[in-house]
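Here's the structure we're looking at; comments come further down.
The values are calculated or read from the model by the stated rules, or taken from the named source; none is laboratory data. Keep in mind the model is a prediction, meaning the values are calculated, not measured. FYI the Cβ positions are ideal-geometry reconstructions off the backbone, even for glycines, and counts take in every protein chain you see. Ligands, DNA and RNA are excluded from the accessible area calculation, which covers all protein heavy atoms including side chains. Shrake-Rupley method; radii C 1.70, N 1.55, O 1.52, S 1.80 Å.
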Amino acid sequence: MTTHLSRARNTRLAGLTAATSAVVLVASACGGGSGAAEGAKEFSYLSATENTTVRNALTTLSKNACKKENEAQSLKVETVPQASLDQKLQLLAGQDALPVQFAAGNAPALTNELNSSGKLADLEKELKALGAYEELEPAAISTIKALYNDKLAVLPYEYNIEGIFYNKKIFSDNGITTPATWDALKAAAQKLDKAGVQPFAASGQQGWPITRLVSGYLYRTLGPEAMKAVADGKANLTDPEYVKAAQEIADLGKKGYFGKSVGSIDYDTAMNTFLNGKAGMFYMGSWALASISNPEQNKIGAENVGFMPFPAVSGGKGSIDQYPSNIGLGVTLGAKSFDDKTGAWVTCIAKNYGSTVLEDQGAISGFKVNTEVKDSNEVTTQVRRTIGESKQNVLWFEALFSTKATTISNTSAPGLVTGSMSAQEFMKTVQDALASN
């Protein structure tokens, strides 16, 4: 959203279930291919409303580097709130009306179902035929295939690592050095709280910013296979060591470190809380660099923003240099609407998107930067360097969950930090959702 990862990964509709998804997709599979006719006049793109980064970059390309491609097949953008995206995709798939290009499902499970029903273009095959496959960063390809059954099911319009952005000035004013351990992080949060500074900005309304902290702790204590063990049935979220991770995050909430009414705070409010200097730390993906690099939005100044990994946990099996990575809210293309004109658009995007989005918005993608771009600030340079040096990446809490379990996880997360749900109850609720599929 990015996590999903796009700029904001809103909570999915609680009423959606895996069973509903399966019914719709079976119906769509029986009905034939994509509704966008071959030789579509428009390069139609369905985007999550919250993700302005991708559509702004595509609009820029349509007027500049990809002007010729746009004249042949004009870009047309439609938006839908990310909370409604899965439902919209299921409806369009059932009606054989998927657009040429569209934001993929909030959970990889939905995209995998669309792919298995023949709705998605074989992007690896198409890109190789177009001579554009080499324009994708190998790390991004690896991350995509880890999510989508070893398939290049989406394009990496975003490539993100996750960690903790922090306010350098607030840290300095309070005598805090960058925490390298979990204990040091908790000590820093306590110090900020006593100084009247909210330690963490977070969106409880979205839910995933809370569960990212849970999986961060799990990866540091149990190692990089922590969540895969759950997906493979080798471990349960109700196992003591998993509940322990949820309890650690619940304790932060119990102490008020996320501020008041965190359960009702949306993504933009959380972002602005940090960028207005009202919180010392903000766990987020590197997609946040677009906002951090925007002087109109960032009131503390990009020079005052630092980035650190999720800290080490004493005695843990994980390493501090294992960063959660994702490709945001992946974007894919319909199978039957992928013609020569669409191919020309995709080729132009692959060659020019990386430079365009970095130069214009300070955002990092999984496409190569073919035109040299000077980073707009030090924190962007730091993140780009970290991506390049990262030896092993991990996924996020819900990455391997079903659509239903993802929804349950995100909607239940606020209760974990507000105290309305215990750590044991939270993990059991999510584990039950996993078991019911």
Can you tell which of 325, 337 is in a loop (DSSP other than H, G, I, E, B) and farther than 20 Å from residue 61 by Cα?
-> 337
Out of (1) crowded, with 20+ Cβ neighbours inside 10 Å; (2) in contact with a strand residue (DSSP E or B) (Cβ under 9 Å, 6 or more places away or on another chain); (3) not in a helix (DSSP H, G or I), the odd one out for residue 349 is which?
-> (3)
Kindly check whether there is at least one residue in region 51-65 that is closer than 22 Å to residue 402 by Cα and not in a strand (DSSP E or B).
-> no
Within region 113-146, considering residues that are within 17 Å of the chain's Cα centre (by Cα) and crowded, with 19+ Cβ neighbours inside 10 Å, the one farthest from residue 322 (Cα to Cα) | 144
Looking for whichever is within 27 Å of residue 210 (Cα to Cα) and more than 21 Å from the chain's Cα centre (by Cα) here; the options are 341, 336, 317. Which one fits?
-> 317
Among the residues of region 66-82, count how many are open to solvent by less than 20 Å² (accessible area, probe 1.4 Å), under 18 Å from the mean Cα position of the chain (by Cα) and not β-branched (Val, Ile, Thr).
-> 1
Hey, among 316, 285, 280, 301, which residue is closer than 21 Å to residue 259 by Cα, at pLDDT 95 or above and not aromatic (Phe, Trp, Tyr)?
-> 280
Pairing a residue in region 310-323 that is farther than 16 Å from residue 383 by Cβ with any residue that is small (Gly, Ala, Ser), where Cβ atoms lie under 7 Å and the two sit 6 or more apart in sequence or on different chains, gives 311/180; 311/184; 312/180; 317/223; 318/223
Positions within region 364-380 being part of a loop (DSSP other than H, G, I, E, B), modelled with pLDDT of 90 or more, of a type outside the set (S, T, N, Q) and under 19 Å from the mean Cα position of the chain (by Cα), in sequence order | 366
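What number of residues within region 311-323 satisfy the criterion of being closer than 26 Å to residue 276 by Cα and open to solvent by 10 Å² or more (accessible area, probe 1.4 Å)?
Total satisfying the criteria: 0.
Condition check ((1) under 24 Å from residue 405 (Cα atoms); (2) among the small types (Gly, Ala, Ser)) across all residues:
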{"site": "220", "(1), (2)": "yes, no"}
{"site": "226", "(1), (2)": "yes, yes"}
{"site": "237", "(1), (2)": "yes, no"}
{"site": "258", "(1), (2)": "no, no"}
{"site": "272", "(1), (2)": "no, no"}
Out of all the residues in region 168-181, is one or more open to solvent by 10 Å² or more (accessible area, probe 1.4 Å) and among the aromatic types (Phe, Trp, Tyr)?
-> no
Counting only residues that are at positive phi, among the small types (Gly, Ala, Ser) and assigned by TED's automatic domain parsing to the domain that holds residue 107, give me the helices (runs of 4 or more DSSP H) lying completely in region 118-235 with at least 1 of them.
-> none
Take region 404-427 and flag every residue that is open to solvent by 10 Å² or more (accessible area, probe 1.4 Å) and among the hydroxyl-bearing types (Ser, Thr, Tyr).
-> 411, 412, 418, 420, 422
Restricting region 91-108 to residues that are surrounded by 24 or more Cβ atoms within 10 Å (Cβ to Cβ) and part of a helix (DSSP H, G or I), the one farthest from the chain's Cα centre (by Cα) turns out to be 93
Any helices (runs of 4 or more DSSP H) falling wholly within region 236-292 and containing at least 1 residues that are out of contact with any Leu (no Cβ under 7 Å at 6 or more places or on another chain), farther than 30 Å from residue 359 by Cβ and not hydroxyl-bearing (Ser, Thr, Tyr) | 240-254
